[in-house]
Amino acid sequence: MYYSFPDNFWWGSASSALQTEGAREGETTWDRWFSREPNRFHNGVGPQQTSTFYEHWKTDIALLKQLNHNSFRTSISWARLIPDGIGEVNPQAVTFYNQVIDELLAQGITPFINLFHFDMPMAMQEIGGWENREVVAAYARYAQICFELFGDRVNHWFTFNEPIVPVEGGYLYDFHYPNVVDFRRAATVAYHTVLAHAEAVRAFRAGNHAGEIGIVLNLTPSYPRSQNPADLKAAHIADLMFNRSFLDPVLKGEYPEDLVALLKSYDQLPACQPGDSELIAQGKIDLLGINYYQPRRVKCRDSAVNPEAPFMPEWFFDSYEMPGRKMNPYRGWEIYEPGIYDILINLRDNYANPRCFISENGMGVENEQRFIENGQINDQYRIDFISEHLKWLHKGISEGCHCLGYHMWTFIDNWSWCNAYKNRYGFVQLDLATQQRTIKKSGEWFAATAQNNGFTRE
Ligand code: BGP
C-alpha cells in the first residue's frame with residue numbers, strides 16, 4: 001500500500017541547543033550539576049561535549065538538505081543569548097543564531113524555533129528557577145528579545161519543549177537538577193511554567209509578529225489495565241497530572257476542574273495571584289507540537305497509601321506492565337504505534353481539532369556500530385519504527401485530524417542528558433572521536449519519503 005501525505009506536509013527533525021551546540025559561555029543547570037556529580041552522567045560525558053553544531057552548523061545544515069528536510073526544529077539557548085538570564089545580550093550568540101536561521105532559509109528549510117529545552121541558566125536557578133516569579137518575568141523578557149531579534153525570519157515559535165519533564169525530573173523523580181522531591185514545589189514549577197508560556201504568547205501577540213506560536217508537549221496516553229472503575233480512575237488521574245496539566249491551559253486557556261479539585265483536597269495547590277487566570281487564558285496557542293515516544297499504562301494501587309509518606313502522583317496509581325508489550329530495551333520504553341493515533345483522535349474530539357504536528361518521535365539504540373555494513377549503519381529497526389508510526393498518523397489524518405507534519409528525534413546522534421551518548425537516535429551517525437558524520441540507512445529512507453511525500457509499505 002502507498003501512504004501519501006497532504007501537500008506541504010512538514011518533513012524534518014528536531015534537536016535542542018544544549019544537546020547539540022557544545023561549549024557555551026553562559027552556565028546552565030546541567031553544567032553545574034555535571035561539575036558536582038559527573039558520575040550521574042553515562043561514561044562521565046557532560047553537556048560541554050555535545051555534537052559541535054556551534055562549529056559545524058553550515059555543513060550540518062547541508063546534511064539536513066541532503067535528508068530532504070523542509071523544516072527543522074532547534075532551540076535557542078537562553079544562557080548563550082543572555083548568560084545571566086536577565087542582563088546583557090551576548091552579541092556572538094546573536095551572530096550565531098542569525099547565521100543558523102539564514103542558512104536554513106537559504107537551503108529552503110523552514111526554521112521552527114523553541115525557546116526553552118530543559119536548559120535553565122544557572123543564575124536563574126540560583127534565585128529559585130521556576131519557583132520564583134522573577135524568573136517568569138526574566139523568561140518573558142528573553143522571549144520578547146528573541147521575537148525582536150529573529151522574528152523577521154522565524155515564523156514558527158515554541159515557548160517550551162516538554163515542560164512537564166523538568167517538573168518530573170527536577171522536583172519529583174530526581175533525574176534533573178535541582179534533584180528535589182517535593183510535590184507542592186513541583187506543582188509550583190509547573191504552574192509558573194504555564195504562566196511563563198502565557199507571558200511569551202502575550203508578548204508575541206502584542207508585538208504583532210508574523211507567523212505563529214505554540215508549545216511542544218510530550219503527550220503520553222494513559223491506558224488503564226482494565227475497564228474496572230478503579231483502573232479507569234487511576235488512568236484518569238495520571239492523565240490529569242501528566243498530560244492535561246499543560247494541554248488544557250494551552251488549548252482551552254484553563255486548568256481541568258478535576259485536577260484543581262484533586263490538588264486542593266490534598267492541600268497541594270500552588271499559590272495563585274490576582275490576574276493569573278486572565279493571563280493563562282491569553283496563552284492559547286496557534287500550533288501544538290506533539291512528542292510521542294511511549295504510552296503510560298496504569299492500574300489502581302495494589303496497596304493502601306502510607307499516610308506518613310510524602311504526597312506523590314503514585315498515591316493514585318501503580319504503573320502496569322502489560323503482558324506481551326513491545327519494548328525498546330535500550331531506553332526501557334514501550335513501543336506502541338497506535339498511541340500516535342489515539343493522541344490525534346483525542347485532540348480532534350476533545351480539543352476542537354487543533355493544528356498540530358508530531359514534533360518528536362524516535363528510537364534510541366545502544367552500540368549501533370554492530371549494525372555497520374559497508375561503512376554505513378543499517379538501522380532497519382528505525383525504518384520499521386518510523387513507518388509503523390507514520391501509518392497510524394496517516395490513519396488519523398484520513399479521519400480528519402489536523403496533523404501537519406512529522407519531525408523525528410533526531411538529526412545527528414546527540415547528547416541525551418544523563419544518558420549522554422549511550423543511546424543513539426540520529427539519522428546521521430556521529431563518530432565521537434573524529435566528529436565525522438555519516439548518514440544511516442534510515443536517513444536515506446527518510447530523505448526518499450520526504451521527497452515522495454509518502455512511502456510504500458505492507
Ligand atoms: C525527549 C526530549 C529530547 C530527547 C528525547 C530522547 O523527551 O525532548 O531532548 O532527549 O526525549 O530521550 P532521551 O534523550 O532521554 O533518551
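The values are calculated or read from the model by the stated rules, or taken from the named source; none is laboratory data. Note that the coordinates shown come from a computational prediction; the quantities given were computed from them, not determined experimentally. FYI the Cβ positions are ideal-geometry reconstructions off the backbone, even for glycines, and counts take in every protein chain you see. Just so you know, the surface numbers come from the protein's heavy atoms only, side chains and all, with ligands and any DNA or RNA stripped out. Shrake-Rupley method; radii C 1.70, N 1.55, O 1.52, S 1.80 Å.
Data overview
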read-out	value
Only one of Arg36, Arg40 that is within 16 Å of the ligand (Cβ to nearest atom) and either at pLDDT 95 or above or touching a Gly at 6+ places or on another chain (Cβ under 8 Å) (or both)	Arg40
Flag if Trp409 is crowded, with 18+ Cβ neighbours inside 10 Å and away from the ligand (no atom under 16 Å from the Cβ)	no
Subset of the stretch 223-267 [open to solvent by 80 Å² or more (accessible area, probe 1.4 Å) and in contact with a Pro (Cβ under 8 Å, 6 or more places away or on another chain)]	none
Qualifying helices (runs of 4 or more DSSP H) (wholly inside the stretch 1-105; at least 1 residues being touching a His at 6+ places or on another chain (Cβ under 7 Å))	17-20
Candidate set from the stretch 420-442 (those that are buried (at least 17 other Cβ atoms within 10 Å of the Cβ), not small (Gly, Ala, Ser) and not in a strand (DSSP E or B)); member that is farthest from the ligand (Cβ to nearest atom)	Lys441
Any hit, the stretch 185-196, residues being within 16 Å of the ligand (Cβ to nearest atom) and open to solvent by less than 10 Å² (accessible area, probe 1.4 Å)	yes
Single residue of the stretch 214-263 satisfying the filter (in a strand (DSSP E or B) and more than 16 Å from the ligand (Cβ to nearest atom)) that is farthest from Asp342 (Cα to Cα)	Pro224
Selected residue (only one of Ile127, Ile145 is farther than 24 Å from Trp415 by Cβ and free of Cβ contacts under 8 Å to residues at least 40 places away in the same chain)	Ile127
Meets criteria (within 16 Å of the ligand (Cβ to nearest atom), modelled with pLDDT of 95 or more and more than 18 Å from the chain's Cα centre (by Cα)) for Asp174	yes
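Listed here are the residues, each with its yes/no results for (1) within 16 Å of the ligand (Cβ to nearest atom); (2) open to solvent by less than 50 Å² (accessible area, probe 1.4 Å).
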| position | (1), (2) |
| --- | --- |
| Gly275 | no, yes |
| Ile285 | no, yes |
| Leu288 | yes, yes |
| Tyr292 | yes, yes |
| Ser303 | no, no |
| Met312 | no, yes |
